[in-house]
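Single-structure report; data block below.
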Amino acid sequence: MSTGSKRDGFSSTLAALMVALGSAVGLGNIWKFPYMTGTGGGGAFLVIYLFFVFCVAVPIMISEFVIGRRSRLNAVGAFRRLTGNPSTPWSGIGFLGAASSYLIMFFYSCVAGWVYCYTYKAATGAFADITKEGAEALFSATIGAGGAEASFFSSTVLAPIFWQVFVLAVVGTIISLGVAKGIERAIKVMMPALFVLLIACVIRALTLPGAADGLYFLFHVDFKQVTPAVVLAAMGLAFFKLSLGMGTMITYGSYFTDDADLSLSPLKIAVADICISMLAGLAVFPTVFSFGVEPGAGPGLLFITIPLVFSQMPFGQVLLFAFFLLTAFAANGAMLSLVEVPTIWMAEEFNISRRRSALINCVIIGAVGILAACSADGTGYLGAATLFGKGFFDLFDYLSSNVTMPIGGLCIAIFTGYVMRRADLFDELSNHGTLRNDGRAAFIRVLLRYVTPVLVLVIFLNALGVIKL
Ligand code: PHE
């Protein structure tokens, strides 16, 4: 096991914040958050989402940062070091986290592959004058739909696999370069670029005729649309959005600088993440409504509606390229944090080099992820193949968001709220007494003991169908 002194880490507090934000910002901002806000009651959904961010997500992120920085180890080793017990059952949280990383990466790398492919297509002008049927056919070809009759080596089947492998090669290479020289450097280029491209898309969207309908979709306040299911979905979104409950923030916390304020950083990250989601909504919905198209959710919105409406407006081809490039950057930042969890765990626990560990993990993700690439819409090469009644793509998504992440989040909150000594928690939150924030630390501990775990337990039991809200 490597020890603190030689360990790689972020070069500054600002860099640490930016990289953690880079993990939070991802495909979720672009296809989940704006749509859920629009259909979940607009402003009303935002209020509820903010409640969960504050009562569930921020306390769990604080816990993860505390566990990571105090131990300066990977998500498995962290619990061994903090409990002083090499065989502590709490290290199971780290193993579960690695499992969640794999599950998410299996399908996330597949979708990121489509985004890369669309970025390339936008750059080569493939969307000029595209029709609705053309956009749908292009998407089917990209995801390998209808490949069931094709031979494995046909282009329909191999295209999504090629792009997925390409994505993994990019992510694996950046990770191999190290925390400061790889992950941090990449994020420092991608995040500002993402922001600038996003602002350009927002300006264009807001200056279109009829943009106000899109604004209404996003910001109207309608509490009637807020059903119990919407409330639960808001909490699930807070988890996935802020990359929680699976050791990502434990791992990044272990690279944080000693003077970073661990209780304030998660608030800043959460607020910045919400701003980016809102900007994504402002870039998409005014455009969609301006052309009188129904906003769909998920893949349809990103890969069919957006190419269709963007290519109908002036400078559409340039903006389309900008939009997919920024989406690719967002997905990359999230994937770096996802792959880093098992990479640093294997490197530290089995004493192998970071490079070799990154390679092993990308090969594992690629090997299983191909199952997702081949079954995305149920018509791909493995279209009909199922496990537990679900296609591989949906299964990986379902298991991570509804099973492994909530369990991880619950255990993390209980660990910092009940197992970790109060004095240790206060010591870490105050940077060994330099910050004088005992009042805030006490408040956070109350949330971690009595509020966060209760709320998470409710969503989890509901997802399992044990209770019905
Ligand atoms: N937060 C990322 C997104 O919104 C997804 C993610 C989940 C990243 C878990 C890391 C860990 O797309």
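The values are calculated or read from the model by the stated rules, or taken from the named source; none is laboratory data. Just so it is clear, the model here is predicted, and its values are computed rather than measured. For neighbour counting, all protein chains shown are included, and Cβ atoms are generated from backbone atoms with ideal geometry for every residue, glycine included.
Contact map, the range 78-102: first residue under 17 Å from TYR418 (Cβ atoms), second residue β-branched (Val, Ile, Thr) and buried (at least 20 other Cβ atoms within 10 Å of the Cβ), Cβ cut-off under 7 Å, separation 6 or more or different chains; pairs are ALA78/ILE67; ALA78/ILE250; PHE79/ILE93; LEU82/ILE67; SER91/VAL76; ILE93/ILE412.
Filtering the range 204-213 to residues that are hydrophobic (A, V, I, L, M, F, W, C) and more than 26 Å from the chain's Cα centre (by Cα) leaves LEU206, LEU208, ALA211, ALA212.
When PRO266 is tested against (1) farther than 30 Å from TRP90 by Cβ; (2) within 16 Å of the ligand (Cβ to nearest atom); (3) not aliphatic (A, V, I, L, M), exactly one condition is not met: (1).
When each of ARG81, ARG70 is tested for being touching an Asp or Glu at 6+ places or on another chain (Cβ under 8 Å) and in a helix (DSSP H, G or I), the lone residue that passes is ARG70.
The conditions of being under 17 Å from ALA122 (Cα atoms), within 16 Å of the ligand (Cβ to nearest atom) and at pLDDT below 95 are met by LEU302. Of the residues making up the range 212-269, just one is without any contact (Cβ under 8 Å) to a residue 12 or more places away in the chain and under 30 Å from ILE183 (Cα atoms), namely LEU264. For the range 270-294, the tally of residues that are farther than 17 Å from LEU194 by Cβ and buried (at least 19 other Cβ atoms within 10 Å of the Cβ) stands at 7. Screening ALA373 on (1) among the aliphatic types (A, V, I, L, M); (2) over 20 Å from the mean Cα position of the chain (by Cα); (3) at pLDDT below 85 shows it passes everything except condition (2). Being hydroxyl-bearing (Ser, Thr, Tyr), out of contact with any Pro (no Cβ under 8 Å at 6 or more places or on another chain) and within 12 Å of the ligand (Cβ to nearest atom) is a property that SER337 has.
Cβ separations smaller than 8 Å between residues 6+ apart or across chains give the following pairs from the range 15-39 residues that are over 21 Å from TRP114 (Cβ atoms) and modelled with pLDDT under 95 to residues that are among the hydroxyl-bearing types (Ser, Thr, Tyr) and more than 10 Å from the ligand (Cβ to nearest atom): THR37/TYR49. Scanning the range 173-199 for residues that are of a type in the set (Gly, Ala, Ser) and buried (at least 17 other Cβ atoms within 10 Å of the Cβ) turns up SER176, GLY182, ALA186. Quick one: is LYS6 without any contact (Cβ under 8 Å) to a residue 12 or more places away in the chain and surrounded by fewer than 22 Cβ atoms within 10 Å (Cβ to Cβ)? The answer is yes for LYS6.
So, in the range 275-312, exactly how many residues are assigned to a loop (DSSP other than H, G, I, E, B) and not hydroxyl-bearing (Ser, Thr, Tyr)? Final tally of qualifying residues: 8.
Criterion applied to VAL115, VAL76 was being more than 19 Å from the chain's Cα centre (by Cα), surrounded by 24 or more Cβ atoms within 10 Å (Cβ to Cβ) and of a type in the set (A, V, I, L, M, F, W, C), and the one residue passing it is VAL76. Residue-level check: of (1) among the hydroxyl-bearing types (Ser, Thr, Tyr); (2) over 17 Å from SER265 (Cα atoms); (3) outside any helix (DSSP H, G or I), THR434 misses just (2).
Rundown of residues vs (1) farther than 30 Å from ARG436 by Cα; (2) within 16 Å of the ligand (Cβ to nearest atom); (3) more than 15 Å from the chain's Cα centre (by Cα), yes/no style:
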| position | (1), (2), (3) |
| --- | --- |
| LEU197 | yes, no, yes |
| VAL202 | yes, no, yes |
| LEU215 | yes, no, yes |
| LEU218 | yes, no, yes |
| PRO228 | yes, no, yes |
| ALA238 | no, yes, no |
| SER254 | no, yes, yes |
| THR257 | no, no, yes |
| ASP261 | no, no, yes |
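Checked against the criterion of being at pLDDT below 95, in contact with a helix residue (DSSP H, G or I) (Cβ under 7 Å, 6 or more places away or on another chain) and part of a helix (DSSP H, G or I), the candidates GLY172, GLY182, GLY214 yield just one match: GLY214.
Scanning the range 209-232 for residues that are of a type in the set (Asp, Glu) and within 17 Å of THR287 (Cα to Cα) returns a single hit, ASP213. When the range 340-360 is filtered for residues that are away from the ligand (no atom under 13 Å from the Cβ) and either under 15 Å from the mean Cα position of the chain (by Cα) or β-branched (Val, Ile, Thr) (or both), the ones remaining, listed by number, are THR343, ILE344, ILE352, ILE360.
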